[in-house]
Amino acid sequence: MTLQSLVVLLLVAASAAAAVWQLMPSSLRAQVAARLARAPLPRGLRSYFAAAGQSTGCSGCGGGCKPAQAVAQPKPLVFHPRRLDRH
């Protein structure tokens, strides 16, 4: 394998892992993150997975989700027809 093939392989694998992580249900993501937080990984990755494992939100940010805010009622559209001056 050439160096170029190895770089492409690593990029594709990292992209696939990121896509799987984002599309994973939050409950499963929390379980996987809790296991990865205990794995022998670099400190930055362990802290990221520890925060993602404690999150109750959907994005793994560790802050949870805010309650849904009330949506304002939409205003109706008002059409003002133009006068057609035919000469």
(message) Given a 1.4 angstrom probe, I'd like the percentage of the accessible area of the range 1-44 that is carbon and sulfur, rounded to a whole number.
(response) 71 percent
(message) How far apart, in nanometres, would the label points at residue 32 and residue 17 be if each is projected 7 angstrom from Cα along the Cα-to-Cβ direction?
(response) 1.1 nm
(request) Please list 31-38, 72-79, 13-20 highest first by mean number of surrounding beta-carbon atoms within 10 Å per residue. (result) 31-38, 13-20, 72-79
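The values are calculated or read from the model by the stated rules, or taken from the named source; none is laboratory data. Being a predicted model, the structure only gives us computed values, none of them experimental. When we count neighbours, we look across all protein chains shown, and the Cβ atoms used for this are built from the backbone with ideal geometry, even at glycine. Accessible surface areas use protein heavy atoms only, side chains included; no ligands, DNA or RNA. Shrake-Rupley method; radii C 1.70, N 1.55, O 1.52, S 1.80 Å.
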